[in-house]
Amino acid sequence: QVQLVESGGGLVQAGGSLRLSCAASGSIYSINRMGWYRQAPGKQRELVATIIRDGSTYYADSVKGRFTISRDNAKNTVYLQMNSLSPEDTAVYSCNAAVMPFYSSGPRDYWGKGTLVTVSS
């Protein structure tokens, strides 16, 4: 009923930038928290950044100063601006959202399918 769709991944050289987008759709009453996770080859999935509806944000230490998370509440969309990319940022980036659907007693977590970001040396 609720779907998250990521876009914006691709191939970029070290030092470059990409902007990821994640749009939520479906029977959504509200979205409190939206965030981005990533999983690099051979590594565990890690939290990259989150943003609450009021605009408060959290960033992993590894991306502070380089990545910026933002959201457009009217469009139920979250963005991740990634600057100064390095090969260590190569991963599948997945969108996550705590969604309050219509006809639900509480929020539920939803995940997108992920978008691949590859950073070359």
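Quick notes on this one:
- Label-to-label distance, nm, for residues given as R45 and Y58 (7 Å Cα→Cβ offset): 1.6
- A run of the chain free of exposed loop cleavage sites, with chymotrypsin sites (Phe, Trp or Tyr not before Pro) counted only in DSSP states other than H, G, I, E and B and at most 14 other beta carbons within 10 Å, reaches its longest extent at 1-101.
- Loop sites here are trypsin sites (Lys or Arg not before Pro) outside DSSP states H, G, I, E and B with no more than 14 other Cβ atoms within 10 Å. The longest part of the chain free of them is 65-112.
- Taking 25 Å as the straight-line reach from the Cα of K43, the lysines in range (excluding those fewer than 8 positions away in the same chain) are K64, K113.
- Taking each residue as 0.36 nm, the span from S105 to Q3 lengthens on full extension beyond its C-alpha to C-alpha distance by 34.9 nm.
- Eigen-decomposition of the gyration tensor built on the alpha-carbon atoms of the range 38-109 gives equivalent ellipsoid semi-axes of 25, 15, 10 angstrom, largest listed first.
- Environment charge of C95, counting only residues whose C-beta is closer than 15 Å and scoring Lys/Arg +1, Asp/Glu -1: +4
- Computed FRET value (nearest 0.05) for N73 with T118, which takes r as the C-beta separation and R₀ as 35 Å: 0.70
Taken together, the values in this text are just the output of simple stated rules run on the coordinates, not laboratory data. Keep in mind that this is a model prediction, so the values were computed, not measured. Here Cβ is always computed from backbone atoms with ideal geometry, including for glycine, and neighbour counts include all displayed protein chains.
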